[in-house]
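Working notes, beginning with the structure itself.
The values are calculated or read from the model by the stated rules, or taken from the named source; none is laboratory data. Note that this is a predicted model, so its numbers are computed, not measured. In this analysis, Cβ positions are derived from the backbone assuming ideal geometry, glycine residues included, and neighbour counts consider all displayed protein chains. These area figures cover heavy atoms from the full protein model, side chains too; ligands, DNA and RNA do not enter into them. Shrake-Rupley method; radii C 1.70, N 1.55, O 1.52, S 1.80 Å.
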Amino acid sequence: MRAIIGVCGSGNLCGENALKVYEKAEKIGREIAKNNGVLICGGKGGIMEAACKGAKQEQGLTIGILPYEKTERNEYVDIPIVAGIGEKRNAIIVQSADCIIAIAGRWGTLNEITLAAIYQKPLVLLKDSGGFVDKFIQSDFINNESLEYQIVEDEIEAVKQAFRLAKKNQTKH
């Protein structure tokens, strides 16, 4: 069975690191596709678009779980699924993935990290990507959870760990 890797991050990139973070997400998407994984995300812009774009560069398969309508999807989403429930779609993304990679992000990304803990989904956090991911890494909160997670500094390592954790997660379910 192909691993389904969730990529979570902000839909709106801004600030001095926006291009760097976009490129990191794009590289993660390429690596997921190179490893024959299926990429699932929120299907919109920013990190989600970058990851999908990278996956498509390697002929990968992308699924976007959209808040309200198909017109919200980025051009690199192969399979748009309209949840019709707004940000509550985050639960569908996390529940459907075998592992989550979180990059930068804001409230929606923090919600997906929290849902990963609730649903006991393995999580890979990309350090120094900014946003709530770095704030979460710096907090003591994560060390108090029974969540299976990895903190990585490199995109290739993020995908490598995601596939390792996904395989382990698939054998549990």
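Just a few scattered comments:
- Members of the stretch 109-121 found to be under 18 Å from SER139 (Cα atoms) and touching a residue at least 12 places away in the same chain (Cβ under 8 Å), listed by number: THR109, LEU110, ASN111, GLU112, ILE113, LEU115, ALA116, ALA117
- THR62 vs. criteria touching a strand residue (DSSP E or B) at 6+ places or on another chain (Cβ under 8 Å), modelled with pLDDT under 95 and closer than 17 Å to GLY45 by Cβ: no
- Unmet criterion (only one of (1) in contact with a strand residue (DSSP E or B) (Cβ under 8 Å, 6 or more places away or on another chain); (2) more than 13 Å from CYS99 (Cα to Cα)) for GLY6: (2)
- Those residues of the stretch 1-12 which are buried (at least 24 other Cβ atoms within 10 Å of the Cβ) and not polar (S, T, N, Q), in sequence order: ILE5, GLY6, VAL7, CYS8, GLY9
- Selection within the stretch 34-48: residues that are aliphatic (A, V, I, L, M) and closer than 12 Å to GLY11 by Cβ. The member of this set that is most open to solvent (accessible area, probe 1.4 Å) is MET48.
- Residue within the stretch 91-107 that is of a type in the set (S, T, N, Q) and surrounded by 17 or more Cβ atoms within 10 Å (Cβ to Cβ) present: no
- GLY108 fulfils the conditions (1) under 13 Å from VAL7 (Cα atoms); (2) in a helix (DSSP H, G or I); (3) at pLDDT 95 or above except for a single criterion, (3).
- Residues being without any contact (Cβ under 8 Å) to a residue 60 or more places away in the chain and open to solvent by 70 Å² or more (accessible area, probe 1.4 Å) - total across the stretch 13-33: 5
- Single condition CYS52 does not satisfy, out of (1) open to solvent by less than 30 Å² (accessible area, probe 1.4 Å); (2) of a type outside the set (Gly, Ala, Ser); (3) on the phi > 0 side of the Ramachandran plot: (3)
- Single residue of ILE118, ILE113, ILE142 found to be modelled with pLDDT under 95, in contact with a helix residue (DSSP H, G or I) (Cβ under 8 Å, 6 or more places away or on another chain), surrounded by fewer than 17 Cβ atoms within 10 Å (Cβ to Cβ) and of a type in the set (A, V, I, L, M, F, W, C): ILE142
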